[in-house]
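Reviewing the structure listed below.
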Amino acid sequence: MIEKMEDGPEGVAALRASGTVLKHDVTEAMRLVGTADRMMVVVAPRFDGYMAELIGGLRQSCEDGQAGRCALVMPEDMRSEADLQGEGGAFRIFTVQAEAERWLGS
């Protein structure tokens, strides 16, 4: 499930991913949010979805121009799985939300 974060940083379209998430879920959530200069998706500790699907959907949305910069924030113990999918272009992976917010704001 992907939900809009009400307490996200100002000027950033922020979403939280938990439970099972497929690429289609990301695409639909991004459509609801609309085009944004900066996008952040925070992975909840109870995420049990498919990391490749989550990253694929987020990366696709960024490449399609729905966001100028995209940050994925996840718990440290999930980082190695995310690293298999790789970063690139305007897409970055973080384990600390404050670091993601700094990168998005730069």
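Averaging Cα coordinates gives a centre for region 35-50 and one for region 56-95; these two points are 9 Å apart.
Nearest-5 percent of antiparallel DSSP beta bridges in the chain? Write down the numbers at each step before the final one.
Working: 4 of 20 bridges.
Here the antiparallel bridges make up roughly 20 percent for the chain.
Only one item in (i) 28, 26, 26; (ii) 63, 28, 21; (iii) 37, 28, 18 matches Cα extents along the principal axes in Å derived from the coordinates shown, and that item is (i). Here the chain is scanned for GluC sites (Glu not before Pro) in DSSP loops (not H, G, I, E, B) that have at most 16 other Cβ atoms within 10 Å, and the longest stretch holding none of them is 11-86.
Projecting label points 7 angstrom from Cα along Cα→Cβ for residue 77 and residue 92 puts them 2.6 nm apart. Comparing 27, 45, 56 along the charge dipole axis of region 2-56, the residue lying farthest to the positive side is 56, per the Cβ-charge model.
Averaged per residue, the chain has 52 square angstrom of accessible surface, using a 1.4 angstrom probe with ligands and nucleic acids left out.
Estimated from helices alone, the mean residue ellipticity of the chain at 222 nm is -10500 deg cm²/dmol (sum of -39500 (n - 2.57) over DSSP H runs with n ≥ 4, per residue).
The values are calculated or read from the model by the stated rules, or taken from the named source; none is laboratory data. Because the structure is predicted, anything quoted here is derived from the model rather than measured. Cβ coordinates were reconstructed from backbone atoms using ideal geometry, including for glycine residues, and neighbour counts include every protein chain displayed. Note: areas computed on protein heavy atoms with side chains; ligands, DNA, RNA excluded. Shrake-Rupley method; radii C 1.70, N 1.55, O 1.52, S 1.80 Å.
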